[in-house]
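Take a look at the structure below.
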Amino acid sequence: MIFDLSKLPAPKIYNLLNGLIAPRPIAWITSVHLAGRINAAPFSAYNYVGTDPPIVAVGVGNRPGPGVVGKDTAQNIRNTREFVINVVNETLAEAMVTCAIDFPPGVNELEIAQLKTTPSPIVSVPRIQEAPASLECREITTMEIGRSRIILGQVVAIHVKDEVLDPA
């Protein structure tokens, strides 16, 4: 079977890619609005794409509806040029799903998910305290292609909890 993607609606293309490219890691991104509000949102279009320097890529779609309106995460990263990717484990899965809800702007998803943040020593964006690992990142560039954005970030620090770190 062949699918000519030029003839399929976006939701069908999403379903095909989502089902075929698996497993996908989740980037649970914390970012900060210019007014200081913390935002937390998961994205499954994410991976590292380089190690020297360490680079991650995150795909962020626009908000549904007419026009080109970036999601809060994309807008925050564009404005502050910093973000933190928090690793999700099974223990945090339910809280991560809560953060995926499309709350109105200004709602603190982490507060609703009953999670705490802790300051990041290098970037201004806090990380999720309960996450087993976190990557502090600075935006290198954002490419806007159609209704999607690809954010490239340089990892400037990695935090890993002792209990999940293999000493080797």
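The values are calculated or read from the model by the stated rules, or taken from the named source; none is laboratory data. This structure is a prediction, so every number in the text was calculated from the model and none was measured. Here the Cβ positions follow ideal geometry from the backbone for every residue, glycine too, while neighbour counts run over all protein chains shown. Just so you know, the surface numbers come from the protein's heavy atoms only, side chains and all, with ligands and any DNA or RNA stripped out. Shrake-Rupley method; radii C 1.70, N 1.55, O 1.52, S 1.80 Å.
Structure notes:
- Springs between Cα atoms under 10 Å define the GNM used for the chain, and in it the highest mean-square fluctuation of VAL125, VAL97, VAL84 occurs at VAL97.
- In the complete set of protein chains, residue-level accessible area for VAL87 is approximately 50 Å², probe 1.4 angstrom.
- Most fluctuating residue given options PRO105, PRO132, PRO11, as computed from a GNM of the chain linking Cα atoms under 10 Å: PRO11
- For GLU82, nonlocal amide neighbours, meaning residues 5 or more places apart or on other chains whose placed amide H falls under 5 Å from its own, are GLU139.
- Each Lys and Arg Cβ is given +1 and each Asp and Glu Cβ -1; about its Cα centre, segment 82-168 then shows a dipole of about 280 debye.
- 3J(HN,Hα) couplings calculated from phi for segment 160-168 with the Karplus curve 6.51 cos²θ - 1.76 cosθ + 1.60 (θ = phi - 60°) are, in sequence order, 9, 5, 3, 5, 10, 8, 7, x, 6 Hz; Gly and Pro show x.
- Rounded to the nearest Hz, the phi-derived 3J(HN,Hα) couplings of segment 91-103 under the Karplus curve 6.51 cos²θ - 1.76 cosθ + 1.60 (θ = phi - 60°) are 4, 9, 4, 5, 5, 5, 5, 4, 5, 7, 5, 7, 6, where x marks glycine and proline.
- Cα lying deepest toward the dipole's positive end in the chain, options ASN18, GLN154, GLY61, charges on Cβ: GLY61
- Backbone phi angles across segment 16-22, fed through the Karplus curve with coefficients 6.51, -1.76 and 1.60 (θ = phi - 60°), yield HN-Hα couplings of 5, 5, 4, x, 9, 9, 8 Hz in residue order; Gly and Pro are listed as x.
- Segment 20-48 and segment 119-167: distance between their alpha carbon centers, rounded to Å: 9
- Accessible surface comparison of MET1, MET96, probe 1.4 Å, protein chains only, largest first: the order is MET1, MET96.
- The chain: most fluctuating residue of ALA74, ALA157, ALA93 per GNM, C-alpha cutoff 10 Å: ALA93
- Amide H contacts for ARG127 (H built 1.01 Å from N in the peptide plane; partners 5 or more residues away or on another chain; cut-off under 5 Å): THR118, SER120.
- The charge dipole of segment 11-156, taken about its Cα centre with unit charges on the Cβ of Lys, Arg, Asp and Glu (plus for the first two, minus for the last two), comes to roughly 400 debye.
- Share of carbon and sulfur in the accessible heavy-atom surface of the chain [1.4 Å probe, %]: 58
- For TYR46, residues with placed amide H under 5 Å, excluding near neighbours: GLY59
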